[in-house]
1. In the structure shown, do any of Lys46/Lys416; Lys362/Lys416; Lys102/Lys225; Lys255/Lys362 have a Cα-Cα gap over 31 Å, and if so which?
2. Under 5 Å between amide hydrogens, which residues at least 5 positions from Ser413 or on another chain qualify, with H placed 1.01 Å from N in the peptide plane?
3. Which loop-located chymotrypsin sites (Phe, Trp or Tyr not before Pro) does segment 144-207 contain, where loop means any DSSP state but H, G, I, E or B and the Cβ has at most 13 other Cβ atoms within 10 Å?
4. Accessible area of Phe45, 1.4 Å probe, to the nearest 10 Å²?
5. Starting from the Cα of Ser154, step 7 Å along the direction of its Cβ; do the same at Phe188; then give the gap between the two resulting points in nm.
6. In sequence order, what are the phi-derived ³J(HN,Hα) couplings for segment 458-466 according to the Karplus relation 6.51 cos²θ - 1.76 cosθ + 1.60 with θ = phi - 60°, rounded to whole Hz, with x for glycine and proline?
7. Report the accessible area of Phe433, computed with a 1.4 Å probe over the heavy atoms of all protein chains in place, in Å² rounded to the nearest 10.
8. Long-range amide H contacts for Val30: which residues qualify at under 5 Å (H placed 1.01 Å from N, peptide plane, sequence gap of 5 or more or a different chain)?
Amino acid sequence: MPSVDNNQDIENVKINREGEDLKKDETRLVLIPNIDKEDHKWINFKTLWAFTGPGFLMSIAYLDPGNLESDIQAGASGGYQLLWVLFWSTVIGLWLQLLASKLGVVTGKHLAEHARDYYPKAPRIALWLMTELAIIGSDIQEVIGTSIAINILSSGRIPIWAGVLITAADTFTFLFLENYGIRKLEAFFCSLIGIMAISFGVQYVISAPNQVDIIKGIVIPYVSKSNISQAVGILGAVIMPHNIYLHSALVQSRKINRQSEHEVKIANKYNGIESGIALFISFIINLLVVAVFAKGFYGVPGLEDIGLSTAATYLKERYGTVAKYIWAIGLLAAGQCSTMTGTYSGQFVMQGFLDLKIAPWKRLLITRLTAIVPAILVAIIAVNSLDSLDEWLNVLQSVQLPFAILPVLFFTSSEKIMGKFKNHWANNIFVYFLSLVIIAINVYLIILFATSVASTQVTAIVLSIGFFLYFTFIAYIAIGNQRFFNILRKLRLIKSDSSSNDYSSSSSINNNYQLIN
């Protein structure tokens with residue numbers, strides 16, 4: 001049996017190690033020049049530069065192969081008609097990302113950590129599984145997109161399945177890059193965004209779309225009946241659930257004193273500006289892709305199958321071989337950076353929900369295998385129907401959105417968690433309205449899905465139970481643990497009162513009947 005002194009020594013070692021880890025984490029934070037001084041300028045560019053990075057890493061999810069798939073199909077099937085949906089989806093995305101950013105800056109904890117602290121075990125695990133499902137869906141698109149690009153650039157010598165395996169192995173370079181520091185990692189990702197902008201910008205110049213039609217598409221809100229599913233797909237592709245979790249963690253890479261209201265305000269201000277710039281750039285890049293395919297392929301018969309896997313072939317036929325390879329370079333950049341940020345979000349989500357305290361390389365391995373193995377299997381099995389798979393995966397992202405929007409809204413509305421920085425009531429009304437719109441869209445998608453697959457009574461019953469659980473869980477997340485169970489208790493009391501009243505009424509009738517007789 002170990003002595004008290006030995007136990008004390010063990011505890012001291014643990015405390016020292018924790019202190020060393022904390023110091024190591026502190027040294028990895030980016031210092032903000034003069035953050036403790038009064039900020040008299042509307043924008044101090046030196047301060048903005050110090051905060052530049054997290055928003056661009058977050059914006060990569062708005063440029064992943066799933067988004068490019070959605071852009072291709074939106075342009076080819078609807079022309080410039082859906083550009084307004086793309087624009088407002090990006091604006092809504094920015095609004096939600098700012099909530100996530102504020103949560104991370106003010107509290108020093110990311111969304112998954114808050115969920116772990118607040119929710120009981122069963123709903124916490126359910127919420128984690130929903131988020132992992134969204135990450136897996138996103139990973140499938142990213143892995144497929146990268147492997148398609150590798151296939152094109154190798155002139156077909158590397159098949160899709162081999163490209164999938166190369167991409168999966170390549171994501172582990174993330175750990176190597178991270179060791180060089182967060183600023184170098186951010187610079188690497190920004191360079192890939194630059195490659196995308198140049199590649200798709202060159203395609204835009206080659207195709208020369210009508211600028212007036214583009215402006216009309218952004219300003220005039222119109223969706224034809226045949227493009228409703230495409231509009232929903234854009235929403236699901238642009239706003240990704242796990243990206244809200246990611247952003248709340250990324251903003252903590254800057255060193256601020258959270259006890260200082262002034263420093264927290266400065267951090268919120270410059271994170272907001274940087275996120276706005278990053279998402280504006282992502283909107284422009286997505287617009288370039290939509291415009292290229294709207295100009296070249298809208299209204300052309302026989303292009304129902306156009307998507308990531310066939311886009312390069314159609315571009316080659318229309319604009320020449322150079323256009324094909326320029327497209328592939330942009331697609332490769334999109335796939336590479338989004339796969340690595342998927343690794344990042346997977347780490348934060350699993351560590352936050354499950355409180356994993358293990359070596360970084362082990363956590364990376366576990367989080368990557370959790371998402372990437374299902375992604376590889378699906379990508380290899382569905383190699384002949386990649387574009388339709390991507391379309392349904394965008395819908396999956398939309399269905400998962402409430403499980404990110406509602407928790408971040410709930411926590412940022414809490415004065416106990418946020419203090420003076422809690423959401424304004426008008427902000428809450430807007431986001432709740434937005435959530436209702438997204439849920440209504442999901443109801444529409446679920447009805448479409450149910451009518452297409454519910455061929456037997458048993459299937460219909462199973463789907464009905466699944467949908468009931470889905471919407472019940474959404475209600476639970478929206479109103480919080482305590483309120484949800486208070487409502488259930490009140491419903492039980494009402495039911496028991498109703499039952500006792502029915503019993504009393506029945507007894508009275510029986511007594512009257514006996515008196516009459």
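1. On the way: Lys46/Lys416 33 Å; Lys362/Lys416 35 Å; Lys102/Lys225 38 Å; Lys255/Lys362 26 Å.
In this structure, Lys46/Lys416; Lys362/Lys416; Lys102/Lys225 exceed 31 Å between Cα atoms.
2. Asn423
3. Working: sites: Trp161, Phe172, Phe174, Phe176, Tyr180, Phe188, Phe189, Phe200, Tyr204; in loops: Phe172, Tyr180.
Answer by residue number: Tyr180.
4. Accessible surface of Phe45 is approximately 150 Å².
5. Spacing of the two 7 Å Cα→Cβ label points: 2.2 nm.
6. So the Karplus estimates, Gly and Pro as x, are 4, 4, 4, 5, 4, 5, 4, 5, x Hz.
7. 130 Å²
8. Excluding prolines and chain starts, which carry no amide H, the hits are Arg254, Lys255.
The values are calculated or read from the model by the stated rules, or taken from the named source; none is laboratory data. Predicted model only: the values in this text are computed from it and were never measured. Note: ideal-geometry Cβ built from the backbone for every residue, glycine included; neighbour counts use all protein chains shown. Calculation scope for accessible area: heavy atoms of the full protein, side chains included, ligands and nucleic acids excluded. Shrake-Rupley method; radii C 1.70, N 1.55, O 1.52, S 1.80 Å.
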